[in-house]
Amino acid sequence: MAFDKEAAFEQAVINLLSKNGWSDNVLKNYSEQDLLRNWANILFENNKDIDRLNNCPLTDSEMQQIIEQIEALKTPLKLNGFINGKSVSVVRDNTDDTLHLGKEVSLKIYDRREIAGGDSCYQIVQQPKFPTKSKILNNRRGDLMLLINGMPVIHIELKKSGIPVSQAYHQIEKYSHEGVFTGLFSLVQIFVAMTPEETVYFANPGIEGEFNPDYYFHWADFNNEPINQWNKIVSTMLSIPMAHQLIGFYTVADDSDGVLKVMRSYQYYAASAISDKVAKTKWDEKNQLGGFVWHTTGSGKTMTSFKSAQLIASSKDADKVVFLMDRIELGTQSLKEYRGFANENEDVQETENTGVLITKLKSSNPADTLIVTSIQKMSNIKDEDGGLNAEDIEKINQKRIVFIVDEAHRSTFGDMLITIKNTFPKAIFFGFTGTPIHEENQKKKNTTTTVFGNELHRYSIADGIRDKNVLGFDPYKVMTFKDKDVRKAVALEKAKAETEQEAIADPKKSKVYYKYMDSVKVPMAGYKDELGGYVKGIEDYLPNSQYRTEEHINAVVKDILENWVTLSHNGKFHAIFATSSIPEAINYYCVIKDAISDLKVTALFDPNIDNNGGAVYKEEGLVKIIEDYNARYRQSFTIPTFAKMKKDIAARLAHKKPYERIEREPDKQIDLLIVVDQMLTGFDSKWVNTLYLDKMLEYENIIQAFSRTNRLFGPDKPFGTIKYYRRPHTMEKNIEAAVKLYSGEKPWGLFAQHLPENLKAMNDIFEEISSLFSNAGINNFEKLPEDITVCRKFAKCLKELNEHLEAAKIQGFRWDVSSYQDEESGEVIDMLFDERLYLVLVLRYKELSSGEGVSGGSDDVPYDLVSYITEIDTGVIDSDYMNSRFEKYMKLLQLDGATQASIEQAEAELHKTFAMLSQEEQKYADIFLHDIQRGDVQVEAGKTFRDYITEYLAKAKNDQVHRISSVLGLNETMLRNMMSLKLNVNNINEFGRFDELKKTVDKSKARQYFEAIEGRKIIPPKVNVKVDNLLREFILSDGVDIILPTDRDNEKINYLEYYPNFEDLPMVAEGKVEYGDK
């Protein structure tokens, strides 16, 4: 259902909220004081017993004590702890309460477990009144606020149909900037921006925090299908009990970065599924399977697993919740994250060794409920024929234990997990993984299902890419050998022939030779037949040594280095290069170092030196890598401290402590990290955008490795780039199989469009934009269409064009190349536009945000504009071309014998270049040309067309300011100072400057002026309003042309009769806009 009026939409939302658990007694236009009194009444009702308020209401000063506690906590993160802390203390000063006068009492404020029952009450505030932090700013009114037990915890901003949801969340951002969400309103935990067609929700970052649209979420159902319709959002996410749970259970106060976080819908479904499963567990049964959560890499599994544990612990449904990690360093990383997520009254215990772990597991102290440990330490606790651990194990097994296993696709298939399960047979196990093990890639004849139980919730990589929580991939197979050469070499080897002639001459050899030369009989990559048997392809016959040849290695290094600047954005992003073995990693390191010494490259692999073959080569390679690293980064690592060097490398790649600002210090960065197996799983960095592979991977290992590149960054990183070199046709098949297995059978593409597709899309969108302008009767994109719906379509189209352009630039597109050939199909793609035309479109796009060139007006800009496009520098539009057209026009104008047709054609060509100018600049370009045609201007040598436009524009601005100053008799210097600040509607009266300017207006002059242009007498109060409107419009529009009075019949009249100083006023000749028309 569409709503053309916001008020109607607001009422519809209220009506539906009232049917979904919220009170129908709506609080209208409540101020902060009104809401405080409402809260005081609720607190009284919930705490009137003799031990608390003793049936004596709270006084204003007692409520002020609570507000002071709120203001002291300040941030939404700390206030989350206040809300969920259940109680608040006040010192009683109500003289009626003689029992507690002067004493501290504790009041129950909220219990997250009392959902739609107990003392919980749910109220709607319609149009709440907000005070702003500045006395100059008017007070604000929000749309809707939702109160739980009197506390404002959810704020909703609404926009009618046709207005993008971005306008609603920008409104929230604006209110926050103005200091609206302070005092009592700082309790707001979640913001909701809603239109009838779309809703986003996000946590309150606080007045000192930053709003980040990457964390503005859409709600979805259990199957991850987005829910956009307003009525479904109100009936699900904002309904009771869901809204109560969202505040009480599904917000996370993350101390590690000081930010309040709210869970996405898929995180909620997973955490609640685990919590529900534990609640129903029968603890006397053995070998229980809890289930597993399939959430793609980068989707916030750590937060989800922690919230699951927290729900279990707070519900008292288990005595111990143990997070099992499969690497010691991952345990350290997760421990920090879990401790950051924990509430003040929660402890997350680490385990330095197995002895400490046993102590924590035996403990009955509630502080020892949540434990983080490694799977290695946990497997050390086992009953060895009645050994030392037997008694401890018996005690531990009397407790209800939940194991949550992170990265459950890895070492959970080894003996260690079997040992843990045998040691703790009554425990229940849950797994978290982005790449579960299926039948197709089972390990030791097991899958994730057989180890953990059924899938509890799925959020696949396809879901993540669709929701823009992670990026897609742009994979390329790079041929280091030509297919025909590889096929011929294999065919000759199979035919046991030295040459082609020898193979063909012998009938037996010829039959074999031609079999392998036939791509239908033997394709490049192997495949499984209908019976499931594997049929070899050409690449299967290639020995691994083929990829250790100098030819292959040099081809790989050449490809990396030739594309380095483009793919890395000139060193802004980092890359990982995965090789097949440690000797190959060392060899590549040396070759790359020799090829380009400026590239900051290092290598990482298992540093253990054994007595097997190649130990000397490995040791020498390690020494060289560490020495180079120490010299470049001024470190002092050794082989024994190589683990610390690994942490240093990880920190540099991720821009984490102590390298948070390393992008400003390029010398400290790592450009390329060479690895064998390490860092291909479990390592996250949004600064890694490329993965080079010279090794074979399958199934979960492909998705895990690719996912090192898919963390969100911004427009500069539209996807993760993958380049693979070894057995490229086989790897292509492996990638297809992995994608099919892990996309969750969803249709959304994991792969970015390649260059030809992006170029075609750019041309198609450009043609669509051209049609929008030409159908509106606009040539050369010289101005915006007047129809708002057409402008909205243009904004959407240019945003899409820009997305394809950013991707194409990384894939090799350049403005100085206008024609491209598709390497696969041979098709030639000619670009329909160049950089100059593109920048003209960006200039028009910028005018959408300023309102320039668009007729009509509204407080809500009906375009969903992208800031990075509006920040593109259009000053680089080639003005040389425009000047050359001007010079040609001037020569023809001055040339004896030039035909009128040639002059008109030259003028038309010049007019086409006006699209490069803003709407205002176009106006003065026309004025300048008219002056030339009338002979009023003598063109000076060396002065460009652009120079004249700038000169005319500056003079016009100067005349505009002088004219309005003379007309209204105000302080011209003060007005010029204000104009130079480029003020907007929000700060025009900051520090009272606009009010001060109005005080300088000569009221009698102003009255004479408005009476003259309106032809009637005006009372003084109305003059003040007209002065305010005219001045405000003049400043916010960066000047307007006001004209002097004319009569209604446009006849000459005696201006001196109306305005004695008329003859002293400067005139602006052209393009006037009457104030009354505004």
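The values are calculated or read from the model by the stated rules, or taken from the named source; none is laboratory data. Values in this document were obtained by computation on a predicted structure and should not be read as measured data. All Cβ positions, glycine included, derive from the backbone under ideal geometry; neighbour counts span all protein chains shown.
For (1) crowded, with 17+ Cβ neighbours inside 10 Å; (2) at pLDDT below 85; (3) touching a Gly at 6+ places or on another chain (Cβ under 6 Å); (4) assigned to a helix (DSSP H, G or I), each residue gets a yes or a no:
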| site | (1), (2), (3), (4) |
| --- | --- |
| E329 | no, yes, no, yes |
| L335 | yes, yes, no, yes |
| Y338 | yes, yes, no, yes |
| T359 | no, no, no, yes |
| S364 | no, no, no, no |
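Of the residues in the range 606-622, at least one is in contact (Cβ under 8 Å) with a residue 40 or more places away in the chain and touching a helix residue (DSSP H, G or I) at 6+ places or on another chain (Cβ under 9 Å). Of the listed requirements (1) crowded, with 17+ Cβ neighbours inside 10 Å; (2) modelled with pLDDT of 95 or more, F605 misses just one: (2).
For every residue, the table says whether it meets (1) more than 19 Å from the chain's Cα centre (by Cα); (2) surrounded by fewer than 21 Cβ atoms within 10 Å (Cβ to Cβ); (3) assigned to a loop (DSSP other than H, G, I, E, B).
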position: E197; (1), (2), (3): yes, yes, yes
position: G206; (1), (2), (3): no, no, yes
position: E210; (1), (2), (3): no, yes, yes
position: D214; (1), (2), (3): no, yes, no
position: V234; (1), (2), (3): yes, no, no
position: S239; (1), (2), (3): yes, yes, yes
position: Y266; (1), (2), (3): no, no, no
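Counting the residues of the range 268-298 that are of a type in the set (D, E, K, R) and crowded, with 22+ Cβ neighbours inside 10 Å gives 1. The criterion of being of a type in the set (G, A, S) and closer than 30 Å to H177 by Cα does not hold for S1004. If you go through the range 555-597 and pick out every residue that is in contact (Cβ under 8 Å) with a residue 24 or more places away in the chain and more than 29 Å from E806 (Cα to Cα), you end up with 15. The residue pairs whose first member lies in the range 830-841 and is within 17 Å of Y820 (Cβ to Cβ), whose second member is not in a loop (DSSP other than H, G, I, E, B), and whose beta carbons are closer than 7 Å, counting only pairs six or more residues apart or on different chains, are D830/S819; M831/L759; M831/N763; L832/N763; L832/F766; L832/E767; F833/F766. So which of A737, A761 ends up being of a type in the set (A, V, I, L, M, F, W, C) and surrounded by fewer than 18 Cβ atoms within 10 Å (Cβ to Cβ)? Among A737, A761, only A737 is of a type in the set (A, V, I, L, M, F, W, C) and surrounded by fewer than 18 Cβ atoms within 10 Å (Cβ to Cβ). Here L260 qualifies as in a strand (DSSP E or B), under 30 Å from A654 (Cβ atoms) and in contact (Cβ under 8 Å) with a residue 24 or more places away in the chain. Selection within the range 17-59: residues that are loosely packed, with under 15 Cβ neighbours inside 10 Å and acidic (D, E). The member of this set that is nearest to V192 (Cα to Cα) is D24.
Does K799 fit the bill of being crowded, with 16+ Cβ neighbours inside 10 Å and over 17 Å from Y838 (Cβ atoms)? It would help to see each step written out before you state the result.
Values: crowded, with 16+ Cβ neighbours inside 10 Å: yes; over 17 Å from Y838 (Cβ atoms): no.
So K799 does not fit the description; no.
Checked against the criterion of being touching a Gly at 6+ places or on another chain (Cβ under 9 Å), acidic (D, E) and under 23 Å from T579 (Cβ atoms), the range 608-616 has no qualifying residue. In the range 172-193, the residues that are over 21 Å from G150 (Cβ atoms) reach residues that are among the β-branched types (V, I, T) and in a helix (DSSP H, G or I) with C-beta atoms within less than 9 angstrom, at least six apart or across chains, in these pairs: A193/V165; A193/I172. Residues that are assigned by TED's automatic domain parsing to the domain that holds E665, of a type in the set (D, E, K, R) and assigned to a helix (DSSP H, G or I) do not occur anywhere in the range 524-547.
To keep it simple, each residue is scored yes or no on (1) of a type outside the set (G, A, S); (2) under 37 Å from the mean Cα position of the chain (by Cα); (3) surrounded by 17 or more Cβ atoms within 10 Å (Cβ to Cβ).
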position: N389; (1), (2), (3): yes, no, yes
position: I401; (1), (2), (3): yes, no, yes
position: D415; (1), (2), (3): yes, no, no
position: T433; (1), (2), (3): yes, yes, yes
position: N446; (1), (2), (3): yes, no, no
position: I461; (1), (2), (3): yes, yes, yes
position: P475; (1), (2), (3): yes, yes, yes
position: T499; (1), (2), (3): yes, no, no
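Here the condition is being without any contact (Cβ under 8 Å) to a residue 12 or more places away in the chain and either more than 36 Å from the chain's Cα centre (by Cα) or in the same structural domain as W22 (by TED's automatic domain parsing) (or both); of E62, E68, E45, it holds for E68 alone.
State the number of residues belonging to the range 782-839 that are part of a loop (DSSP other than H, G, I, E, B) and over 22 Å from P756 (Cα atoms).
Selection size over the range 782-839: 6.
Restricting the range 930-989 to residues that are hydrophobic (A, V, I, L, M, F, W, C) and not in a helix (DSSP H, G or I), which is surrounded by the fewest Cβ atoms within 10 Å (Cβ to Cβ)? I'd like the intermediate steps shown before the answer.
Applying the first criterion (hydrophobic (A, V, I, L, M, F, W, C)) to the range 930-989 yields 932, 937, 939, 941, 945, 949, 953-954, 956, 961, 964, 967-968, 970, 974-975, 978-979, 981, 983, 985, 988.
Narrowing the set further to residues that are not in a helix (DSSP H, G or I) leaves 937, 939, 941, 970, 981, 983, 985, 988.
Values: V937: 15, V939: 14, A941: 4, L970: 21, L981: 12, L983: 18, V985: 10, I988: 17.
This residue is A941.
Just one of (1) in contact with a helix residue (DSSP H, G or I) (Cβ under 9 Å, 6 or more places away or on another chain); (2) surrounded by 14 or more Cβ atoms within 10 Å (Cβ to Cβ); (3) within 26 Å of I207 (Cα to Cα) fails for S89. It is (2). For the range 92-115, the set of residues classified as surrounded by fewer than 16 Cβ atoms within 10 Å (Cβ to Cβ), in contact with a strand residue (DSSP E or B) (Cβ under 8 Å, 6 or more places away or on another chain) and either touching a residue at least 12 places away in the same chain (Cβ under 8 Å) or closer than 27 Å to S315 by Cβ (or both) consists of K103, E104, S106, listed by residue number. Each residue in the range 1006-1031 was checked for being crowded, with 17+ Cβ neighbours inside 10 Å and either touching a residue at least 40 places away in the same chain (Cβ under 8 Å) or outside any helix (DSSP H, G or I) (or both), and 7 of them qualify. The residues of the range 252-279 that are polar (S, T, N, Q) and modelled with pLDDT of 90 or more, listed by number, are S265, Q267, S272, S275.
Selection of the range 663-717 for residues being assigned to a loop (DSSP other than H, G, I, E, B), in contact with a His (Cβ under 9 Å, 6 or more places away or on another chain) and at pLDDT 90 or above yields Q669, I670, D671, S685, K686, W687, K717. Selection of the range 741-768 for residues being at pLDDT below 85, under 18 Å from T297 (Cβ atoms) and either not hydrophobic (A, V, I, L, M, F, W, C) or not in a loop (DSSP other than H, G, I, E, B) (or both) yields S743, G744, K746, G749, F751.
Restricting attention to the range 280-300, does a residue exist that is in a helix (DSSP H, G or I) and at pLDDT 85 or above? Please lay out each step first, then the result.
The initial filter retains those residues of the range 280-300 that are in a helix (DSSP H, G or I), namely none.
Looking through the range 280-300, none of the residues is in a helix (DSSP H, G or I) and at pLDDT 85 or above.
Give the number of residues within the range 457-488 that are in contact (Cβ under 8 Å) with a residue 24 or more places away in the chain and assigned to a helix (DSSP H, G or I).
Residues of the range 457-488 that are in contact (Cβ under 8 Å) with a residue 24 or more places away in the chain, as a first pass: 457-481, 483, 486-488.
Applying the additional criterion that residues be assigned to a helix (DSSP H, G or I) yields 461-466, 483, 486-488.
Going through the range 457-488 one residue at a time, the tally reaches 10.
Scoring F130 on the criteria (1) closer than 30 Å to K19 by Cβ; (2) modelled with pLDDT under 90; (3) more than 30 Å from the chain's Cα centre (by Cα) leaves a single failure, condition (3).
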